[in-house]
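Asks: One structure is given below, represented as structure tokens, and several questions about it will come after.
The values are calculated or read from the model by the stated rules, or taken from the named source; none is laboratory data. Quick caveat: nothing in here was measured; it's all calculated off a predicted structure. Quick reminder, even Gly has a Cβ in these numbers, built from the backbone with ideal geometry, and neighbours come from all protein chains shown.
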Amino acid sequence: MRTTGINHLALVCRDMQETVKFYTEVLDMPLVKTVALPDGGQHFFFDCGGGAAVAFFWWPETPAAAPGIASVRKFPEDSKTAIGSMNHLAFNVAEGELSKCLDRLRAAGVEHIPVVVNHDDSERGVAAEMHEGVFVRSVYFTDPNGIMMEFAASTKDFGAEDIPHAPRGATVEV
């Protein structure tokens, strides 16, 4: 078996109108498919590039959001989430587009980290300045549903040297 990529990721929104406005107008992702569900809900798909989609379910009655369990409470201060949850969603962008991404988020009044984050293999995992050890540069923000998102620009191809850690065992019962 060999997958060829992500087809779509399906999330849940609190308000489909608000979600459509954000994804089409702020993130510039075309709405490509809508589905009316038999229970009165909706399932909408947005083209996020590369043949993949980000999709949202909406139902008239949905359990409340659970920050700190099913989603990040506040990045970077409190970014742990529960087993089986989605921590964040990262969209590929070209490195040269990161400043434009920040500008677009600012102009739309979207809550975001105000700088580009340089991820590296240092003890802290981030560097103040770009250097040859940075493997991805990121801009973090949240959508109207409180879902943490990332614009991520890879700066290198990964190789065997990028897998120096052995996996650890579970620390909690599942």
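Asks: Report whether or not Gly159 is of a type in the set (Gly, Ala, Ser) and either surrounded by 15 or more Cβ atoms within 10 Å (Cβ to Cβ) or in contact (Cβ under 8 Å) with a residue 60 or more places away in the chain (or both). Write out each step before concluding.
Replies: On the way: of a type in the set (Gly, Ala, Ser): yes; either surrounded by 15 or more Cβ atoms within 10 Å (Cβ to Cβ) or in contact (Cβ under 8 Å) with a residue 60 or more places away in the chain (or both): no.
The answer is no for Gly159.
Asks: Go through (1) under 26 Å from Gly51 (Cβ atoms); (2) out of contact with any Ser or Thr (no Cβ under 9 Å at 6 or more places or on another chain); (3) among the β-branched types (Val, Ile, Thr) and name the single condition Ile163 misses.
Replies: With (1) under 26 Å from Gly51 (Cβ atoms); (2) out of contact with any Ser or Thr (no Cβ under 9 Å at 6 or more places or on another chain); (3) among the β-branched types (Val, Ile, Thr) applied to Ile163, the lone miss is (1).
Asks: I would also like to ask the following. What pairs can you find where one residue is in the stretch 103-123 and closer than 13 Å to Ser138 by Cβ and modelled with pLDDT of 95 or more, the other is outside any helix (DSSP H, G or I) and among the hydrophobic types (A, V, I, L, M, F, W, C), and their Cβ atoms are less than 8 Å apart, with a gap of 6+ or different chains?
Replies: Once the first residue is closer than 13 Å to Ser138 by Cβ and modelled with pLDDT of 95 or more and sits in the stretch 103-123, its partners that are outside any helix (DSSP H, G or I) and among the hydrophobic types (A, V, I, L, M, F, W, C) give Leu105/Val139; Leu105/Phe141.
Asks: Any idea how many residues of the stretch 64-80 are free of Cβ contacts under 8 Å to residues at least 60 places away in the same chain and farther than 14 Å from Tyr140 by Cα?
Replies: Looking only at that region, the number is 6.
Residue-wise test of (1) of a type outside the set (Phe, Trp, Tyr); (2) assigned to a strand (DSSP E or B); (3) modelled with pLDDT of 95 or more.
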{"position": "Thr24", "(1), (2), (3)": "yes, no, yes"}
{"position": "Phe46", "(1), (2), (3)": "no, yes, yes"}
{"position": "Ala65", "(1), (2), (3)": "yes, no, no"}
{"position": "Ala82", "(1), (2), (3)": "yes, no, no"}
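Asks: Go through (1) of a type outside the set (Phe, Trp, Tyr); (2) outside any loop (DSSP other than H, G, I, E, B); (3) without any contact (Cβ under 8 Å) to a residue 40 or more places away in the chain and name the single condition His131 misses.
Replies: Going through the list (1) of a type outside the set (Phe, Trp, Tyr); (2) outside any loop (DSSP other than H, G, I, E, B); (3) without any contact (Cβ under 8 Å) to a residue 40 or more places away in the chain, His131 breaks only (2).
Asks: Of the residues Glu97, Glu123, Glu77, which is out of contact with any helix residue (DSSP H, G or I) (no Cβ under 7 Å at 6 or more places or on another chain) and closer than 26 Å to Gly5 by Cβ?
Replies: Working: Glu123 fails: closer than 26 Å to Gly5 by Cβ; Glu77 fails: closer than 26 Å to Gly5 by Cβ.
Just one listed residue meets the conditions, Glu97.
Asks: Of all residues being under 30 Å from Gln17 (Cα atoms) and acidic (Asp, Glu) in the stretch 90-147, which is surrounded by the most Cβ atoms within 10 Å (Cβ to Cβ)? Just the residue, please.
Replies: Looking at the filtered set, the residue picked out is Asp143.
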